[in-house]
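Please read the structure below before turning to the comments.
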Amino acid sequence: MRIIQASLFGLLLSLGVTAGNAQPPTAFLYQGNLEQAGGPADGNYDFQFELYDGPDFLSAISLTGPLTVTDHPVSSGQFAVPVDFGMDVFGGMTGWLEVRVRESAAGGALTVLEPRQQLYAVPLAVHALNVAPDVVGGAQIADASVTSADLAPNAVGLTAVDASAVQLRVGDSCAVGSWVRAVNSDGSVVCETDPGGDISSVTAGSGLSGGAVSGNAQLAVDFTQVQARLMGVCPAGQLLSGYDAGGNPVCVAIPIPATDSVVSDPEAAAGSQLSIAIGQDGLPVFAFYGGSPAGVRVVRCNDTACFGDDESDSLVEAGVGVSGIDLIIGNNGFPLLAYAGPSGSAVHVASCNDAACSGGNETISVVAPAMQGGGVSLIADPSGTPALTYITQHPQLGVQLRLVRCNDFICSGNDETPHLVRTVGDDLQAQQRSVIRIGSDNFPLILFGFENVIDDNFVEIIKCNDPLCANGDEEENGLLAVTGTFAFDIVYGSDGLPVIALWDAVQMRFIRCATTDCRFIDSNVVVHNVPSVASYPTIALPASGLPQIAYCSGDGLFLLSCNDLACTGDNESLAMLTTSYCEESAMALGTDNLPVIGYEAREPAGNYLGAYHCAAPRCR
């Protein structure tokens with residue numbers, strides 16, 4: 001095949017700007033004739049174009065690299081191929097175009113058409129190389145298209161800058177003792193001289209403190225003369241009587257007369273195992289076993305005195321045979337209960353999901369396996385994590401006291417480990433009771449009572465040597481003999497020494513330990529010869545720090561207030577609050593520091609849960 005270039009018709013350029021800042025087209029048409037075997041060529045051919053800086057095939061340098069157009073049609077020898085080397089090639093210099101061609105179907109090397117052809121500028125392009133003044137305006141220049149690289153040094157002078165729109169370089173300064181007040185458009189500054197001052201001292205006036213005669217002077221508000229911003233509110237059950245100098249409210253208890261209220265329906269047959277706590281909102285909450293249907297129930301009062309006959313009564317877990325219910329307010333601010341489940345099946349912990357346990361969606365967890373016993377006692381350690389004790393009874397193993405420290409704030413992980421604290425013989429009856437308290441050392445102090453068939457009944461004082469009572473080396477620091485049916489409570493006194501209220505048959509006794517572990521007893525006195533059966537005393541420590549004991553008897557509900565830390569003066573204050581037969585009681589101090597006492601009353605019409613709110617610290 002012989003391919004020759006017959007002629008070059010021309011280069012057609014289109015460099016006009018069509019609208020706004022649009023870029024001009026950079027392609028041109030290369031037209032010519034091809035012959036093959038002495039006649040006009042027909043078919044598809046591959047063309048290759050490359051621009052050089054000279055005509056010589058040996059020394060010229062390529063300006064563009066090869067540009068290939070494949071399968072382009074040729075008809076009767078004529079062709080017109082679009083060529084586009086881009087914007088950066090034609091900068092006003094002359095170039096030589098080399099053309100190579102081959103038949104598309106044949107493949108192989110391309111044939112160079114000689115000689116290279118020089119490209120010349122067309123008239124419009126010549127005009128573009130020599131732009132007349134003021135022809136290109138701001139509308140023809142794209143935003144941000146001119147950078148510092150496009151400007152020669154010193155190309156833009158002061159005469160080319162609009163000083164009304166651009167701040168000229170500030171090249172002036174002010175003398176010592178003056179300062180710049182303004183900057184002019186030409187870069188000069190307007191200076192202002194310091195006139196000086198005549199303040200020789202700063203003195204604090206009325207209601208202020210501080211001041212100085214030199215250096216930095218500071219003034220502060222004197223809150224002994226000026227009232228600070230008023231902040232804070234009084235809790236439920238208290239009235240605002242004023243504000244202190246720091247802006248804090250001074251609150252006093254609302255003078256509520258002593259009230260004795262029924263907080264559960266007598267027909268609901270309020271049962272036993274009564275416990276009480278004061279919610280974070282200042283409202284009393286009771287937990288007990290009974291009602292209809294029978295089960296663990298929570299009653300939340302709607303006022304601090306449980307007055308109004310509108311208390312909420314919620315069933316937490318249904319079932320019979322529940323025992324040993326104890327109640328605290330959990331870390332989440334809602335009631336937390338521990339008890340021996342229905343028919344003594346296991347030790348359960350119920351975490352309420354609201355303040356009244358009324359949602360029917362309480363979280364109930366098993367923290368100890370199946371058991372036969374009760375005597376559950378619940379407390380929170382200094383971190384707010386619950387700890388509890390309970391008692392099991394087994395024909396072969398005897399009576400065992402166990403302790404559980406929960407692994408979370410609601411004992412919900414089902415990963416609690418019961419620890420054996422004490423085992424006593426198997427010749428014991430069903431009456432057992434435990435009370436746990438935790439000292440500042442985080443070690444439990446436990447009262448453990450059991451009834452012996454052969455000998456007298458006993459109450460042990462056990463001080464654990466570790467937080468879990470887990471090493472089998474607990475100190476049995478005291479063994480209190482009781483002559484009949486018993487009940488007790490223990491708390492740490494205001495001086496840090498434990499105190500115990502113990503009902504022994506027909507006597508209410510008060511015991512004060514001489515050491516924090518109760519290894520030694522300071523006093524053991526009878527504070528009330530109860531004329532009839534009594535049970536379940538509870539101790540509270542009011543603001544005075546002097547112990548108070550609430551308890552039931554066949555004659556009614558009593559509150560005994562000590563006049564010293566050990567109740568040894570034989571001058572205790574005894575208030576008889578009700579005259580109904582009273583089976584169980586539980587006491588807590590309200591936000592007004594006055595006793596709130598729940599009690600189980602037994603009447604011919606049925607049992608009911610009552611609440612007594614004292615109007616004075618000693619209910620008298």
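Inter-label distance, S345 to A605: 3.5 nm, where each label sits 7 Å from its Cα along the C-beta direction.
For A346, the amide hydrogen comes within under 5 Å of the amide hydrogens of G341, M371, counting only partners 5 or more places away or on other chains and with H modelled in the peptide plane. An oblate overall shape is assigned to the stretch 568-620, the ratio a/c of its alpha-carbon gyration tensor axes (a ≥ b ≥ c) being 1.5 or greater and a/b not exceeding b/c. Subtracting the Cα-Cα distance of S214 and D150 from their residue separation scaled by 0.36 nm leaves 17.1 nm. The Cα atoms of the stretch 278-343 give a gyration tensor whose axes a ≥ b ≥ c have a/c of 1.5 or more with a/b no greater than b/c, which makes the shape oblate.
Here the label points at A228 and D71, each 7 Å from Cα along the C-beta direction, are separated by 8.9 nm in the simple model. Karplus-derived 3J(HN,Hα) values for the stretch 68-73, using 6.51 cos²θ - 1.76 cosθ + 1.60 with θ = phi - 60°, are 10, 10, 9, 6, 8, x Hz; glycine and proline are entered as x.
Computed from point charges on the beta carbon alone (+1 for Lys and Arg, -1 for Asp and Glu), the dipole magnitude for the stretch 350-422 about its Cα centre is near 360 Debye.
A cut-off under 12 angstrom between Cβ atoms defines the neighbours of V298, and their net charge, with Lys, Arg +1 and Asp, Glu -1, is -3.
What do you reckon, how do R116, R437 stack up by accessible area (1.4 Å probe), largest on top?
Working: R116 20, R437 45 Å².
Of R116, R437, the descending order of accessible area is R437, R116.
Sequentially through the stretch 48-64, phi angles give Karplus couplings (6.51, -1.76, 1.60; θ = phi - 60°) of 9, 10, 8, 9, 10, 8, x, x, 6, 6, 9, 9, 5, 10, 5, 9, 10 Hz, Gly and Pro residues having no value and appearing as x.
Remark: the stretch 269-320 carries a charge dipole of roughly 220 debye about the Cα centre, counting +1 on each Lys and Arg Cβ and -1 on each Asp and Glu Cβ. Distance between Cα centroids, the stretch 581-600 to the stretch 181-250: provide it in whole Å. Here the answer is 51 Å between Cα centres.
3J(HN,Hα) along the stretch 561-567, derived from phi through the Karplus expression 6.51 cos²θ - 1.76 cosθ + 1.60 where θ = phi - 60°, amounts to 10, 7, 9, 8, 5, 10, 6 Hz, with x in place of Gly and Pro.
The values are calculated or read from the model by the stated rules, or taken from the named source; none is laboratory data. Note that the structure is a prediction, hence the values are computed from the model and not measured. Glycine also receives a Cβ, built like all others from the backbone with ideal geometry; neighbour counts cover every protein chain displayed. Ligands, DNA and RNA are excluded from the accessible area calculation, which covers all protein heavy atoms including side chains. Shrake-Rupley method; radii C 1.70, N 1.55, O 1.52, S 1.80 Å.
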